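Worksheet for the structure shown next.
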Amino acid sequence: MLRSHRRKAVLATAALMATTALLTSCQGDSDGDKKSSGSGSSTSQSDAKSTSGDGGSGGAEADGAGAQTGSDSGGTSGGQNGKGDKGVSGTWFGTVSYLAPGKYTVSDMKDTEQAFFTSTDTNIQGAGKICGDAEGQAATPCSEKQLEAAAKKGVSATVKIENGTAVSIFEDHSNTGGGDVDPGTGKPTGTHSGELGYLAPGTYSLREMDGSKIKFHSNTATTINGDGWICGEPGGQLADCTEGQLEAAAKKGGVRVVVELANGGAVTIDEEHN
(Lines give C-alpha, C1' and ligand atoms only; values in the text may rest on other atoms or scores of the structure.)
Protein backbone atom coordinates (compact mmCIF):
# COMPACT_ATOMS: atom_id res chain seq x y z
CA MET A 1 0.00 0.00 0.00
CA LEU A 2 2.78 2.34 0.93
CA ARG A 3 4.64 1.44 -2.27
CA SER A 4 1.54 2.23 -4.33
CA HIS A 5 1.27 5.70 -2.77
CA ARG A 6 4.92 6.38 -3.46
CA ARG A 7 4.46 5.38 -7.09
CA LYS A 8 1.52 7.75 -7.42
CA ALA A 9 3.49 10.53 -5.80
CA VAL A 10 6.40 10.00 -8.22
CA LEU A 11 4.03 9.98 -11.18
CA ALA A 12 2.32 13.12 -9.96
CA THR A 13 5.66 14.83 -9.49
CA ALA A 14 6.79 13.80 -12.96
CA ALA A 15 3.56 15.05 -14.47
CA LEU A 16 3.90 18.35 -12.65
CA MET A 17 7.47 18.77 -13.89
CA ALA A 18 6.45 17.97 -17.45
CA THR A 19 3.63 20.47 -17.29
CA THR A 20 5.96 23.11 -15.91
CA ALA A 21 8.51 22.46 -18.64
CA LEU A 22 5.78 22.66 -21.28
CA LEU A 23 4.49 25.96 -19.96
CA THR A 24 8.02 27.38 -19.84
CA SER A 25 8.64 26.34 -23.43
CA CYS A 26 5.39 27.93 -24.62
CA GLN A 27 6.15 31.16 -22.82
CA GLY A 28 9.63 31.28 -24.39
CA ASP A 29 8.14 30.80 -27.84
CA SER A 30 5.60 33.54 -27.17
CA ASP A 31 8.33 35.94 -26.02
CA GLY A 32 10.41 35.13 -29.11
CA ASP A 33 7.45 35.82 -31.35
CA LYS A 34 6.89 39.13 -29.62
CA LYS A 35 10.53 40.05 -29.99
CA SER A 36 10.50 39.00 -33.62
CA SER A 37 7.31 40.97 -34.18
CA GLY A 38 8.80 44.00 -32.46
CA SER A 39 11.91 43.76 -34.58
CA GLY A 40 9.80 43.54 -37.72
CA SER A 41 7.76 46.52 -36.63
CA SER A 42 10.92 48.45 -35.93
CA THR A 43 12.26 47.53 -39.35
CA SER A 44 9.02 48.60 -40.96
CA GLN A 45 9.12 51.91 -39.10
CA SER A 46 12.73 52.38 -40.18
CA ASP A 47 11.77 51.66 -43.78
CA ALA A 48 8.85 54.04 -43.49
CA LYS A 49 11.14 56.75 -42.16
CA SER A 50 13.61 56.07 -44.93
CA THR A 51 10.85 56.24 -47.53
CA SER A 52 9.45 59.38 -45.95
CA GLY A 53 12.90 60.92 -45.91
CA ASP A 54 13.39 60.11 -49.58
CA GLY A 55 10.00 61.51 -50.33
CA GLY A 56 10.81 64.69 -48.41
CA SER A 57 14.06 65.06 -50.28
CA GLY A 58 12.28 64.44 -53.56
CA GLY A 59 9.67 67.03 -52.63
CA ALA A 60 12.38 69.55 -51.88
CA GLU A 61 14.07 68.76 -55.17
CA ALA A 62 10.78 69.15 -56.97
CA ASP A 63 10.18 72.48 -55.26
CA GLY A 64 13.70 73.57 -56.15
CA ALA A 65 13.20 72.58 -59.76
CA GLY A 66 9.94 74.47 -59.80
CA ALA A 67 11.63 77.57 -58.45
CA GLN A 68 14.41 77.24 -61.05
CA THR A 69 11.88 76.82 -63.83
CA GLY A 70 10.05 79.86 -62.61
CA SER A 71 13.29 81.80 -62.60
CA ASP A 72 14.15 80.62 -66.10
CA SER A 73 10.70 81.51 -67.29
CA GLY A 74 10.95 84.95 -65.76
CA GLY A 75 14.35 85.52 -67.33
CA THR A 76 13.08 84.56 -70.76
CA SER A 77 10.10 86.78 -70.38
CA GLY A 78 12.31 89.66 -69.35
CA GLY A 79 14.50 89.13 -72.40
CA GLN A 80 11.50 89.18 -74.68
CA ASN A 81 10.28 92.38 -73.08
CA GLY A 82 13.72 93.87 -73.53
CA LYS A 83 13.62 93.05 -77.21
CA GLY A 84 10.33 94.82 -77.49
CA ASP A 85 11.75 98.12 -76.23
CA LYS A 86 11.72 101.08 -78.60
CA GLY A 87 14.92 101.87 -80.48
CA VAL A 88 17.03 105.01 -80.50
CA SER A 89 16.03 108.36 -81.94
CA GLY A 90 18.15 111.24 -83.19
CA THR A 91 20.12 112.58 -86.14
CA TRP A 92 23.48 111.14 -87.16
CA PHE A 93 25.93 112.44 -89.75
CA GLY A 94 28.62 110.05 -90.91
CA THR A 95 29.39 107.06 -93.07
CA VAL A 96 26.46 104.75 -93.80
CA SER A 97 27.48 101.09 -94.13
CA TYR A 98 25.57 97.97 -95.08
CA LEU A 99 24.88 95.22 -92.53
CA ALA A 100 22.04 93.12 -93.93
CA PRO A 101 18.97 93.64 -96.12
CA GLY A 102 17.14 96.59 -94.61
CA LYS A 103 19.75 97.09 -91.85
CA TYR A 104 22.61 99.59 -91.81
CA THR A 105 24.97 101.47 -89.52
CA VAL A 106 25.96 105.11 -89.41
CA SER A 107 29.11 106.30 -87.66
CA ASP A 108 29.10 109.49 -85.63
CA MET A 109 31.95 111.93 -85.12
CA LYS A 110 33.48 109.66 -82.46
CA ASP A 111 33.49 106.71 -84.90
CA THR A 112 30.77 105.02 -82.85
CA GLU A 113 28.45 103.03 -85.08
CA GLN A 114 24.70 103.17 -84.64
CA ALA A 115 22.60 100.45 -86.24
CA PHE A 116 19.25 101.26 -87.79
CA PHE A 117 16.59 99.80 -90.06
CA THR A 118 14.96 101.16 -93.19
CA SER A 119 11.33 100.86 -94.19
CA THR A 120 9.20 101.49 -97.24
CA ASP A 121 8.56 104.98 -95.82
CA THR A 122 12.24 105.95 -95.48
CA ASN A 123 13.01 109.04 -97.54
CA ILE A 124 16.29 108.33 -99.37
CA GLN A 125 17.86 111.24 -101.22
CA GLY A 126 21.01 110.98 -103.30
CA ALA A 127 23.56 113.46 -104.56
CA GLY A 128 25.70 111.41 -106.89
CA LYS A 129 26.82 108.33 -104.98
CA ILE A 130 23.56 106.74 -103.85
CA CYS A 131 21.86 108.02 -106.98
CA GLY A 132 21.41 111.28 -108.87
CA ASP A 133 23.84 113.79 -110.36
CA ALA A 134 26.78 115.02 -108.32
CA GLU A 135 26.62 118.36 -110.13
CA GLY A 136 22.88 118.75 -109.62
CA GLN A 137 21.51 121.31 -107.21
CA ALA A 138 18.61 119.22 -106.00
CA ALA A 139 18.73 115.89 -104.23
CA THR A 140 17.33 112.90 -106.11
CA PRO A 141 14.94 110.33 -104.62
CA CYS A 142 16.69 106.92 -104.49
CA SER A 143 15.56 103.34 -104.08
CA GLU A 144 16.45 100.87 -101.33
CA LYS A 145 18.56 98.87 -103.82
CA GLN A 146 20.56 101.97 -104.73
CA LEU A 147 21.15 102.73 -101.06
CA GLU A 148 22.25 99.15 -100.42
CA ALA A 149 24.74 99.24 -103.30
CA ALA A 150 26.22 102.56 -102.13
CA ALA A 151 26.31 101.53 -98.45
CA LYS A 152 28.33 98.41 -99.29
CA LYS A 153 31.06 100.79 -100.40
CA GLY A 154 30.33 103.37 -97.70
CA VAL A 155 28.62 106.70 -98.29
CA SER A 156 28.51 109.92 -96.27
CA ALA A 157 24.97 110.91 -95.33
CA THR A 158 22.72 112.42 -92.71
CA VAL A 159 20.40 109.88 -91.13
CA LYS A 160 17.38 110.85 -89.07
CA ILE A 161 16.25 107.94 -86.89
CA GLU A 162 13.07 107.48 -84.90
CA ASN A 163 12.63 104.41 -82.71
CA GLY A 164 15.42 102.58 -84.49
CA THR A 165 14.11 103.15 -88.03
CA ALA A 166 15.42 105.73 -90.48
CA VAL A 167 12.91 108.42 -91.36
CA SER A 168 15.26 110.00 -93.88
CA ILE A 169 18.71 109.41 -95.36
CA PHE A 170 20.20 112.41 -97.17
CA GLU A 171 23.49 111.94 -98.96
CA ASP A 172 26.03 114.63 -98.12
CA HIS A 173 26.35 117.08 -101.01
CA SER A 174 29.91 118.04 -100.15
CA ASN A 175 30.83 114.34 -100.28
CA THR A 176 30.44 114.42 -104.07
CA GLY A 177 32.16 117.73 -104.66
CA GLY A 178 29.03 119.53 -105.80
CA GLY A 179 26.13 121.44 -104.35
CA ASP A 180 28.15 123.49 -101.84
CA VAL A 181 27.32 126.85 -103.37
CA ASP A 182 24.42 127.99 -105.48
CA PRO A 183 26.00 129.07 -108.80
CA GLY A 184 23.39 131.77 -109.28
CA THR A 185 23.74 133.49 -105.91
CA GLY A 186 27.07 132.19 -104.62
CA LYS A 187 25.40 131.28 -101.34
CA PRO A 188 25.76 127.91 -99.61
CA THR A 189 23.19 125.27 -100.41
CA GLY A 190 22.64 121.59 -99.74
CA THR A 191 23.25 119.57 -96.58
CA HIS A 192 26.11 120.57 -94.30
CA SER A 193 27.28 119.24 -90.96
CA GLY A 194 29.51 120.81 -88.35
CA GLU A 195 29.79 122.76 -85.12
CA LEU A 196 27.29 125.56 -84.67
CA GLY A 197 28.47 129.07 -83.88
CA TYR A 198 26.68 132.34 -83.15
CA LEU A 199 27.39 135.50 -85.22
CA ALA A 200 24.39 137.79 -84.76
CA PRO A 201 20.63 137.48 -84.21
CA GLY A 202 19.41 135.13 -86.93
CA THR A 203 22.93 134.62 -88.30
CA TYR A 204 25.11 131.61 -87.51
CA SER A 205 28.28 129.90 -88.60
CA LEU A 206 29.00 126.25 -89.25
CA ARG A 207 32.51 124.84 -88.98
CA GLU A 208 32.67 121.73 -91.12
CA MET A 209 34.82 118.63 -90.76
CA ASP A 210 37.58 119.99 -93.00
CA GLY A 211 37.85 123.15 -90.86
CA SER A 212 36.12 125.44 -93.35
CA LYS A 213 33.35 127.75 -92.17
CA ILE A 214 30.13 128.80 -93.82
CA LYS A 215 27.63 131.44 -92.77
CA PHE A 216 23.89 130.98 -92.90
CA HIS A 217 20.70 132.60 -91.73
CA SER A 218 17.60 131.34 -90.00
CA ASN A 219 14.06 132.64 -90.47
CA THR A 220 10.58 132.07 -89.13
CA ALA A 221 10.11 129.12 -91.50
CA THR A 222 13.26 127.29 -90.32
CA THR A 223 12.53 123.99 -88.61
CA ILE A 224 14.79 123.52 -85.56
CA ASN A 225 14.99 120.04 -84.02
CA GLY A 226 16.75 119.42 -80.73
CA ASP A 227 18.15 116.27 -79.15
CA GLY A 228 19.14 117.45 -75.68
CA TRP A 229 21.51 120.35 -76.27
CA ILE A 230 19.39 122.88 -78.13
CA CYS A 231 16.24 121.57 -76.48
CA GLY A 232 14.52 118.26 -75.74
CA GLU A 233 15.81 115.10 -74.07
CA PRO A 234 18.99 113.29 -75.15
CA GLY A 235 18.24 110.16 -77.14
CA GLY A 236 14.51 110.80 -77.15
CA GLN A 237 12.19 112.01 -79.85
CA LEU A 238 13.49 115.07 -81.66
CA ALA A 239 11.89 118.14 -80.12
CA ASP A 240 10.76 121.36 -81.80
CA CYS A 241 13.00 124.18 -80.59
CA THR A 242 12.64 127.94 -80.69
CA GLU A 243 14.98 130.51 -82.22
CA GLY A 244 15.86 131.66 -78.71
CA GLN A 245 16.93 128.12 -77.70
CA LEU A 246 19.01 127.79 -80.89
CA GLU A 247 20.71 131.12 -80.18
CA ALA A 248 21.49 130.18 -76.57
CA ALA A 249 23.00 126.84 -77.62
CA ALA A 250 25.06 128.45 -80.38
CA LYS A 251 26.52 130.99 -77.90
CA LYS A 252 27.62 128.18 -75.56
CA GLY A 253 29.23 126.28 -78.42
CA GLY A 254 30.05 122.61 -78.69
CA VAL A 255 26.81 121.72 -80.44
CA ARG A 256 26.97 119.80 -83.71
CA VAL A 257 24.14 120.18 -86.16
CA VAL A 258 23.11 119.11 -89.63
CA VAL A 259 21.77 122.02 -91.65
CA GLU A 260 19.84 121.86 -94.89
CA LEU A 261 20.50 125.11 -96.71
CA ALA A 262 18.89 126.79 -99.68
CA ASN A 263 20.62 129.94 -100.96
CA GLY A 264 22.22 130.60 -97.58
CA GLY A 265 19.02 130.16 -95.61
CA ALA A 266 18.41 127.27 -93.21
CA VAL A 267 15.47 125.10 -94.17
CA THR A 268 16.04 122.65 -91.31
CA ILE A 269 18.52 122.53 -88.44
CA ASP A 270 18.78 119.13 -86.82
CA GLU A 271 20.88 118.68 -83.74
CA GLU A 272 23.30 115.87 -84.46
CA HIS A 273 23.61 112.97 -82.03
CA ASN A 274 26.33 114.37 -79.75
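Table for the structure above
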{"quantity": "Between region 87-107 and region 199-221, the Cα center-to-center distance that results, in Å", "calculated": "26 Å"}
{"quantity": "Additional length obtainable on full extension of the chain from residue 239 to residue 199, 0.36 nm per residue less Cα span", "calculated": "12.0 nm"}
{"quantity": "GluC sites (Glu not before Pro) restricted to DSSP loop in region 87-167 with at most 15 other C-beta within 10 Å", "calculated": "135"}
{"quantity": "Volume per residue of the C-alpha convex hull in region 183-266, rounded to whole Å³", "calculated": "95 Å³"}
{"quantity": "Label-point separation, residue 153 to residue 209 (7 Å along Cα→Cβ), nm", "calculated": "1.6 nm"}
{"quantity": "Heavy-atom accessible area per residue - region 200-241, 1.4 Å, Å²", "calculated": "56 Å²"}
{"quantity": "Difference of contour (0.36 nm per residue) and Cα-Cα distance, residue 165 to residue 247", "calculated": "26.5 nm"}
{"quantity": "Area of residue 196 that stays accessible when all protein chains are in place (1.4 Å probe, Å², to 10)", "calculated": "10 Å²"}
{"quantity": "Other-chain or far-sequence residues with amide H under 5 Å of residue 168's (modelled H)", "calculated": "123, 160"}
{"quantity": "Listed residue pairs exceeding 22 Å between alpha carbons, taken from 152/213; 129/160; 215/251; 103/160; 103/153; 103/152", "calculated": "152/213"}
{"quantity": "Inter-label distance for residue 217 and residue 133, nm, one decimal - labels placed 7 Å from Cα along Cα-to-Cβ", "calculated": "2.9 nm"}
{"quantity": "Fully extended contour minus Cα-Cα distance, from residue 263 to residue 103, at 0.36 nm per residue", "calculated": "54.2 nm"}
{"quantity": "Candidate residues 207, 256: accessible-area rank, largest first, probe 1.4 Å", "calculated": "207, 256"}
{"quantity": "Solvent-accessible area of residue 195 with every protein chain in place, 1.4 Å probe, in Å² to the nearest 10", "calculated": "60 Å²"}
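The values are calculated or read from the model by the stated rules, or taken from the named source; none is laboratory data. These numbers come from a predicted model, not from an experiment. Methodologically, a virtual Cβ is constructed for each residue, glycine included, from the backbone with ideal geometry; neighbour enumeration extends over all protein chains shown. Heavy atoms of the whole protein, side chains included, go into the accessibility calculation; ligands, DNA and RNA do not. Shrake-Rupley method; radii C 1.70, N 1.55, O 1.52, S 1.80 Å.
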